[in-house]
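Notes follow the structure.
The values are calculated or read from the model by the stated rules, or taken from the named source; none is laboratory data. Source: prediction; values computed, not measured. Positions of Cβ are backbone-derived with ideal geometry, glycine not excepted, and every protein chain shown enters the neighbour counts.
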Amino acid sequence: VFTWATLAFQALFPLAVWWPFTRSLFLAGGVVFHVSTGMLLDIPEMGAAFLVAYALWLPEGTARTILEAPRAAMRRLSPAS
């Protein structure tokens, strides 16, 4: 079942990313899939590479928010100078 689901995902992905609603679903599914496969197969570089590639399909504001999140978290956690 997972093999067929993976094949369907890969076949539909190039079409699905052109529409905002299906883009969100397919990007979320792809993130879950590639992070889990990277962890289960002990090749985190592969998962990270696909996450970077998926960032190309994000709107600029969303990508900026995601990239700024770690920096904002560090500012909140660091003691005031």
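Overview of values
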item: Segment 4-35, residues that are modelled with pLDDT under 90 and either in contact with an Asp or Glu (Cβ under 7 Å, 6 or more places away or on another chain) or hydroxyl-bearing (Ser, Thr, Tyr) (or both); result: THR6, SER24
item: Qualifying positions in segment 1-31 - surrounded by fewer than 10 Cβ atoms within 10 Å (Cβ to Cβ) and either under 14 Å from the mean Cα position of the chain (by Cα) or outside any helix (DSSP H, G or I) (or both); result: VAL1, TRP18
item: Condition met for PHE13 (under 20 Å from ILE66 (Cα atoms) and of a type outside the set (D, E, K, R)); result: no
item: Test: residue in segment 57-76 that is under 24 Å from ALA8 (Cβ atoms), surrounded by 14 or more Cβ atoms within 10 Å (Cβ to Cβ), in contact (Cβ under 8 Å) with a residue 24 or more places away in the chain and not small (Gly, Ala, Ser); result: yes
